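The structure under discussion appears below in the form of structure tokens.
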Amino acid sequence: MTLMELSLEYRDHARALRGRIVELKGLRGDVDEGERLFLDRRVKLLETMWRETRELAVLTGRYYDRGYRRNAKYTL
């Protein structure tokens, strides 16, 4: 698998994560307080995963581009 193919996989996964986040946010109004707190924690975790997945999609997609300034978070 090439980095460009990996980038496309990350983008697909980011799209799926975003869809799940939207779905869970829609459920928050229909549940009691305890379940809402659980959903809020779950959404927060998924948003972190979504952000990191998007960052990795960009990093892997542009890894060999000349002049691309890599995200310091993912470099050694």
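The values are calculated or read from the model by the stated rules, or taken from the named source; none is laboratory data. If you're wondering where the values come from, they're calculated on a predicted model, not measured in any experiment. Cβ: placed from backbone, ideal geometry, glycine included. Neighbour counts: every protein chain shown.
Counting only residues that are modelled with pLDDT of 85 or more and acidic (D, E), which one in the stretch 34-76 is farthest from L6 (Cα to Cα)?
Per the criteria, the residue is E35.
What number of residues within the stretch 28-44 satisfy the criterion of being within 25 Å of Y74 (Cα to Cα) and surrounded by 12 or more Cβ atoms within 10 Å (Cβ to Cβ)?
Number satisfying all stated conditions: 2.
Yes/no matrix, rows are residues, columns are (1) within 16 Å of the chain's Cα centre (by Cα); (2) surrounded by 12 or more Cβ atoms within 10 Å (Cβ to Cβ):
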| residue | (1), (2) |
| --- | --- |
| R20 | yes, yes |
| G26 | no, no |
| E47 | yes, yes |
| R54 | yes, yes |
| G61 | yes, yes |
| R66 | no, no |
| K73 | yes, no |
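Among (1) touching a residue at least 24 places away in the same chain (Cβ under 8 Å); (2) aromatic (F, W, Y); (3) not in a helix (DSSP H, G or I), where does W50 come up short?
(3)
Just the residues that are outside any helix (DSSP H, G or I) and not hydrophobic (A, V, I, L, M, F, W, C), please, taken from the stretch 18-47.
If the condition is that a residue be outside any helix (DSSP H, G or I) and not hydrophobic (A, V, I, L, M, F, W, C), then D32 is the only one that fits.
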